[in-house]
Amino acid sequence: QVHLVESGGGLVQAGDFLRLSCAVSGLTSSDYTMAWFRQAPRKEREFVAAIRWTGGGIAYLDSVKGRFTITRDNAKSTVALQMMSLKPEDTAVYYCAARPLGLRYDVNSYAYWGQGTQVTVSS
């Protein structure tokens, strides 16, 4: 059974830094993609960033490029999202997700999800 557990959310001020982490277990494939999505109140869940475990392909939402960095730790089976220069519009519940094989941007392509962690950025 696949488990994803996020940590690291919180309340910060605009311009601050925050680091989210996701621990994954139970994936049987060695080639999979880990992603971060977010969902703000009254909005649809949206893709934020993803990294493919084998080969390291990476993608970002345009509005977070240059501010967010997704990294992986193979030994610990974790993926992190480092968020700099946070803005109030980054406020959302952030979800970790996983899928076998290649990188995708749509919610429906990911079969495994964490419980989410709240990120609140005050102005």
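Of note:
- Arg42 fulfils the conditions (1) in a loop (DSSP other than H, G, I, E, B); (2) in contact (Cβ under 8 Å) with a residue 24 or more places away in the chain except for a single criterion, (2).
- Among the residues making up the stretch 33-76, a single one is more than 14 Å from the chain's Cα centre (by Cα) and under 14 Å from Ala98 (Cβ atoms): Thr54.
- Enumeration of residues in the stretch 15-52 that are in contact with an Asp or Glu (Cβ under 8 Å, 6 or more places away or on another chain) and within 14 Å of Arg104 (Cβ to Cβ): Phe37, Phe47, Arg52
- Any hit, the stretch 60-77, residues being open to solvent by 40 Å² or more (accessible area, probe 1.4 Å), assigned to a strand (DSSP E or B) and of a type in the set (Asp, Glu): yes
- The residue of the stretch 9-32 that is least open to solvent (accessible area, probe 1.4 Å), among those that are β-branched (Val, Ile, Thr) and farther than 17 Å from Ala50 by Cα, is Val12.
- The set of residues in the stretch 78-123 that are within 23 Å of Ser25 (Cβ to Cβ), open to solvent by less than 50 Å² (accessible area, probe 1.4 Å) and either in a loop (DSSP other than H, G, I, E, B) or aromatic (Phe, Trp, Tyr) (or both) comprises Tyr94, Tyr95, Gly102, Leu103, Tyr110, Gly114, Gly116.
The values are calculated or read from the model by the stated rules, or taken from the named source; none is laboratory data. No experiment lies behind these values; they were computed from the predicted model shown. As a convention, Cβ positions derive from the backbone with ideal geometry for all residues, glycine included, and neighbour counts pool all protein chains shown. Keep in mind that these areas ignore ligands, DNA and RNA; they rest on the heavy atoms of the full protein, side chains included. Shrake-Rupley method; radii C 1.70, N 1.55, O 1.52, S 1.80 Å.
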